[in-house]
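Here the structure comes first, spelled out in structure tokens, and everything after it is commentary.
The values are calculated or read from the model by the stated rules, or taken from the named source; none is laboratory data. Owing to the predicted nature of the structure, the values given are computational and were not obtained by experimental measurement. Cβ placement follows ideal geometry from the backbone for every residue including glycine, while neighbour counts extend to all protein chains displayed.
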Amino acid sequence: MPGKDTKTVIGKISYTNAWPLFYYVDPQLLRTSASMVTEVPSVLNEGMKRGDIHIGALSSFAYAEAAEQLQLLPDLSVSANGPVKSIFLFSRGPLQTLKNGTIALTNTSATSVNLLKILMIKALGGNPEYKTMEPNLELMMEHADAALLIGDNAIRESWYNRGKYHMTDLGAWWKDFTGCSMTFAVWAVNRKAAAQQPEAMAEITRMFQDSKRRSLKDLTPILTEATSRIGGTAAYWQGYFNNLCYDFDEQQQKGLRLYFKYAYELGLLQQDVKPELWRDNIRMQVKE
């Protein structure tokens, strides 16, 4: 855990979907000593569970697995009330053909993998075989009937393989099945770090929230960077970011609670997790 003389470690998701919440986060502007590590969700998930990363983003499912060690930060998430446009199941045939097929899963996240398992059982009544692989669509399709990709890998393949495979957007499928939004990533703080350095954690949380406000007020610099680094057009990225929800209000919490409930019912989680916010702590620090 960070003490007075050690650095706080901030976890940053490398995928573009989280850029608005990190774009204006600069550890050098903080009063506390901090550094930031940028990784795919699976690496951040493990860091948050171990306590090596003290505050930042992680997969919703990974938060649930480590809920006893973590508290959620308010007003911050990557959610979608319908299509998410960056989490796709690519398949040779329609969904019905996959009920007893083989599906290759990306090894870069946990939330989407378990969302797919929930939907395959509860929405489709299926029982496919799963294998975890590196996120390479053509290689995955050599070994399976379908492949799940997330983030920038999924976005690129949605551009280049349009028409070659059936594409199922997991955010849209979840919305059709439940009527709820889906939260794919959350922001959390380690409980011990929050207890030891509440003012520092509150300052970092406010920087996340300020980055969200500034980014959504003017997406132009983010659109420019996305087209330069990933490809596509500014119009595509404008639509992509505007489609996502970065809040964590009752609507997002309701959908996440249902996701956790289903995961627990299917044995994917060991307990039925209720999201717990750190809101009161932040308000207390702001008032002092």
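Miscellaneous remarks
- Residue count for the stretch 189-203, restricted to those that are surrounded by fewer than 17 Cβ atoms within 10 Å (Cβ to Cβ) and touching a helix residue (DSSP H, G or I) at 6+ places or on another chain (Cβ under 8 Å): 1.
- Some residue of the stretch 204-211 being surrounded by 22 or more Cβ atoms within 10 Å (Cβ to Cβ), under 30 Å from Ile121 (Cβ atoms) and in contact with a strand residue (DSSP E or B) (Cβ under 8 Å, 6 or more places away or on another chain): no
- Among the residues examined, Thr38 qualifies as under 22 Å from Asp152 (Cβ atoms), in contact with a strand residue (DSSP E or B) (Cβ under 8 Å, 6 or more places away or on another chain) and outside the structural domain of Thr168 (by TED's automatic domain parsing).
- Scanning the stretch 69-121 for residues that are in a strand (DSSP E or B) and either within 21 Å of Phe208 (Cβ to Cβ) or modelled with pLDDT under 95 (or both) yields Leu70, Gln71, Leu72, Leu73, Pro74, Asp75, Leu76, Ser77, Val78, Ser79, Ala80, Thr106.
- Scan of the stretch 36-61 for residues that are within 14 Å of Val189 (Cβ to Cβ) and aliphatic (A, V, I, L, M), ordered by number: Leu44, Met48, Ile53, Ile55, Ala57, Leu58
- If you go through the stretch 76-94 and keep only what is under 24 Å from the mean Cα position of the chain (by Cα), surrounded by fewer than 22 Cβ atoms within 10 Å (Cβ to Cβ) and farther than 29 Å from Phe248 by Cβ, you end up with just Ser91.
- For the stretch 25-39, the tally of residues that are surrounded by fewer than 17 Cβ atoms within 10 Å (Cβ to Cβ) and farther than 16 Å from Ala193 by Cβ stands at 4.
- The condition (being aromatic (Phe, Trp, Tyr), in the same structural domain as Ala226 (by TED's automatic domain parsing) and over 26 Å from Gln238 (Cα atoms)) is satisfied by just one residue among Tyr63, Tyr130: Tyr63.
- Answer from Lys131, Lys122, Lys99 - the residue that is surrounded by fewer than 18 Cβ atoms within 10 Å (Cβ to Cβ) and over 30 Å from Lys254 (Cβ atoms): Lys131
- Check on Gln238, under 27 Å from Pro74 (Cβ atoms), surrounded by 14 or more Cβ atoms within 10 Å (Cβ to Cβ) and under 16 Å from the mean Cα position of the chain (by Cα): no
- Within the stretch 44-68, tally of residues that are part of a strand (DSSP E or B) and not hydrophobic (A, V, I, L, M, F, W, C): 2
- Residues of the stretch 205-240 satisfying the condition of being outside any helix (DSSP H, G or I), within 16 Å of Gly151 (Cβ to Cβ) and either free of Cβ contacts under 8 Å to residues at least 60 places away in the same chain or aliphatic (A, V, I, L, M) (or both): Ile230
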